[in-house]
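The values are calculated or read from the model by the stated rules, or taken from the named source; none is laboratory data. Just so we're clear, the structure is a prediction, and the values are computed from it rather than from any experiment. Every residue, glycine as well, gets a Cβ built from its backbone with ideal geometry; the counts of neighbours run over all protein chains shown. Ligands, DNA and RNA are stripped out before the accessible areas are found, and what is left, the full protein with its side chains, is counted by its heavy atoms. Shrake-Rupley method; radii C 1.70, N 1.55, O 1.52, S 1.80 Å.
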Amino acid sequence: MKNIFILLFVVFGYSIYAQQTHFNTKKGFVIEGFDVVSYFESTPQKGSDKYVSSYKGAKFKFYSQKNLNTFNNNPEMYIPQYGGYCAYAVAVKGEKVSIDPETFEIRDGKLYLFYNSWGINTLNSWLDESPNSLKIKADNNWKHLD
C-alpha cells in the first residue's frame, strides 16, 4: 500500500512540475504579471498583488476582481498560447523565448505574445510571414518542447 502512495506522489508531483515548466513565469507570474483578461479588452494592464489566481501550477495577476473572476470562470479561454513564450520563436526556431508583454495579437480568440527588443519585433515578422502557416509550425513544435 505504501508503494502505491509513493507512486501516486511521484506521478502527481511530476505532473505538476511538467505543467509549471510550460508557462513563461518571468518575474514569478505568467506574462510578467500582466492581466491575461485585459488583452481581450484591447489594452494589456499590469496585474495587482491583490488579485492573484493559480492555474495548472502557474500564477496569474489581474488588475481587478472582475477580471480575476472572469479568468477563474473560464481559464482556458485566456491562457496565452505556447505558455506565454514568443509565438514566432516557437514556430521558427522551436525555442522558448521571452516576450514583451505589450507586443501581442489576438487571433481566432487566442492570445499570442512576441519578443520585441533591440530593434527586433517578432510580431512584425509573424504578420509578414503568414501567421496561419507559422501557427501550424508553432503548434507542432510546442508539442516537443519541455
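If residue 11 satisfies every condition in (1) modelled with pLDDT under 95; (2) buried (at least 20 other Cβ atoms within 10 Å of the Cβ) but one, which is the exception?
Among (1) modelled with pLDDT under 95; (2) buried (at least 20 other Cβ atoms within 10 Å of the Cβ), the lone unmet condition for residue 11 is (2).
Would you mind stating whether residue 60 is in contact with a strand residue (DSSP E or B) (Cβ under 7 Å, 6 or more places away or on another chain) and open to solvent by less than 20 Å² (accessible area, probe 1.4 Å)?
yes
How about region 33-50: which of its residues are open to solvent by 40 Å² or more (accessible area, probe 1.4 Å) and out of contact with any Asp or Glu (no Cβ under 8 Å at 6 or more places or on another chain)?
Scanning region 33-50 gives 40, 41, 42, 43, 49, 50.
Can you list residue pairs whose Cβ atoms sit under 7 Å apart, with the first residue in region 120-133 being closer than 20 Å to residue 98 by Cβ and open to solvent by less than 80 Å² (accessible area, probe 1.4 Å) and the second being assigned to a helix (DSSP H, G or I) and not basic (Lys, Arg)? Count only pairs 6 or more apart in sequence or on different chains.
122/88; 122/89; 125/88; 126/87; 126/88; 126/134
For region 99-111, state whether one or more residues are closer than 16 Å to residue 145 by Cβ, open to solvent by 70 Å² or more (accessible area, probe 1.4 Å), at pLDDT 95 or above and assigned to a loop (DSSP other than H, G, I, E, B).
No, every residue in region 99-111 fails to be closer than 16 Å to residue 145 by Cβ, open to solvent by 70 Å² or more (accessible area, probe 1.4 Å), at pLDDT 95 or above and assigned to a loop (DSSP other than H, G, I, E, B).
Do we find that residue 146 is exposed (fewer than 14 other Cβ atoms within 10 Å of the Cβ) and at pLDDT 95 or above in this structure?
Considered against the rule, which asks whether it is exposed (fewer than 14 other Cβ atoms within 10 Å of the Cβ) and at pLDDT 95 or above, residue 146 comes out as no.
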